[in-house]
1. Name every residue in the range 2-25 that is at pLDDT 70 or above and either touching a Lys or Arg at 6+ places or on another chain (Cβ under 8 Å) or assigned to a loop (DSSP other than H, G, I, E, B) (or both), in order of residue number.
2. Here are some residues: Ile95, Ile33. Which one is in contact with an Asp or Glu (Cβ under 7 Å, 6 or more places away or on another chain) and either modelled with pLDDT under 85 or aliphatic (A, V, I, L, M) (or both)?
3. Evaluate the following for Thr44: is it at pLDDT 90 or above and surrounded by 10 or more Cβ atoms within 10 Å (Cβ to Cβ)?
4. Residue check: is Ile84 within 23 Å of Tyr15 (Cα to Cα) and of a type in the set (A, V, I, L, M)?
5. Tell me, please, whether a residue that is more than 30 Å from Tyr15 (Cα to Cα), loosely packed, with under 10 Cβ neighbours inside 10 Å and of a type in the set (Ser, Thr, Tyr) can be found in the range 58-79.
6. What's the number of the condition Thr118 fails, among (1) at pLDDT 85 or above; (2) out of contact with any Phe, Trp or Tyr (no Cβ under 8 Å at 6 or more places or on another chain)?
7. Residue by residue through the range 26-82, note down the ones that are in a helix (DSSP H, G or I), over 24 Å from Gly16 (Cα atoms) and among the small types (Gly, Ala, Ser).
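The values are calculated or read from the model by the stated rules, or taken from the named source; none is laboratory data. Since the structure is predicted, the reported quantities are computational estimates derived from the model, not experimental observations. Positions of Cβ are generated from backbone atoms using ideal geometry, with glycine treated the same way; all protein chains shown enter the neighbour counts.
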Amino acid sequence: MVTVRNQIGNGGANYGTANAALKKKLVQTQSNIANNSGFKQNETQRALSVLQQREAAGQDTSAQRKYLTSNLGYQFPAVTKPSITAQPFKPVNTISANTQQGNELMGQMRQLATKQATPFHMTFNLIQSTRQPCNERRRTSKPVRIRTWPI
């Protein structure tokens, strides 16, 4: 079974654990960032794109955020938190609220208990067929009324 991983970004690199070739590439990238504004702008856009893709995939974005702020000097927009205003404490009289609800429920129960039951009747109309001898091809049917009782 072959598993395919969709990699988002270049995979990241750590200078402390990188081999010599990767360290050389990291130094060259830092030099390009410091000396070439077009490279820095493209790298910022690429890193922001990777960050958005990782967020959409539910992956960790802390390394991208650190790279953007530390290496590229990017400033994330300030997140405005909604201000919370304290409301004055208004005590609720739970005893009277519960009493009121209890009285309403008791009233509904009384209505149900004193309500007159309406009788339920079922009526079936069946058709009774009378069979004629074979030589007569005529059939007659008469409705039969069945007595019903309340349930």
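1. Ala13, Asn14, Tyr15, Gly16, Thr17, Ala18, Asn19
2. Within the list Ile95, Ile33, the selection yields Ile33.
3. yes
4. Against the criterion (within 23 Å of Tyr15 (Cα to Cα) and of a type in the set (A, V, I, L, M)), Ile84 does not qualify.
5. no
6. The single condition Thr118 does not satisfy is (1).
7. Across the range 26-82, the qualifying residues are Ser37, Gly38, Ser49, Ala56.
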